[in-house]
């Protein structure tokens, strides 16, 4: 009987310890997700800035695209923290295509609101 109580006590303590581990893991997971989202936003800003270097092109369409990319880079740079928080609230996974889609949609919403 005493052995069963000891084993039961051990199982209860082990269960209590194991139940705390996922709670701590989710906090570090959120920090990791936020860092990944910030890195993807920084990467996208760099892509937009690289494209904005084509403003001196002879093609009107390329110049227009370069100016728009310049506007995107400025918007993303100044709204980065807010955008990352929105992505976390909307459970956007830190995947390149999902982040780019979200950023482009937000930019288009802001651009249409100004028109």
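The values are calculated or read from the model by the stated rules, or taken from the named source; none is laboratory data. Not measured: the values here are computed from a predicted model. Here the Cβ is made from the backbone with ideal geometry for all residues, glycine too, and neighbour counts use every protein chain on show.
Within the bounds of region 62-73, is there any residue that is surrounded by 11 or more Cβ atoms within 10 Å (Cβ to Cβ), within 30 Å of residue 31 (Cβ to Cβ) and at pLDDT 90 or above?
Looking only at region 62-73, we keep the residues that are surrounded by 11 or more Cβ atoms within 10 Å (Cβ to Cβ), and these are 62-73.
Now narrow it down to the ones that are within 30 Å of residue 31 (Cβ to Cβ): 72-73.
Those left that are additionally at pLDDT 90 or above: 72-73.
Yes, that holds for at least one residue.
Return yes when residue 71 is closer than 21 Å to residue 32 by Cβ and either part of a helix (DSSP H, G or I) or over 13 Å from the mean Cα position of the chain (by Cα) (or both) and no when it is not.
Working: closer than 21 Å to residue 32 by Cβ: no; either part of a helix (DSSP H, G or I) or over 13 Å from the mean Cα position of the chain (by Cα) (or both): yes.
Judged against the criteria, residue 71 is not a match.
Do you know which residues across region 91-107 are over 15 Å from residue 35 (Cα atoms) and either crowded, with 17+ Cβ neighbours inside 10 Å or over 10 Å from the mean Cα position of the chain (by Cα) (or both)? Lay out the reasoning, then the answer.
In the first step, residues of region 91-107 are kept if they are over 15 Å from residue 35 (Cα atoms); the result is 97-98, 100-107.
Selection gives 97, 101, 102, 103, 104, 105, 106, 107.
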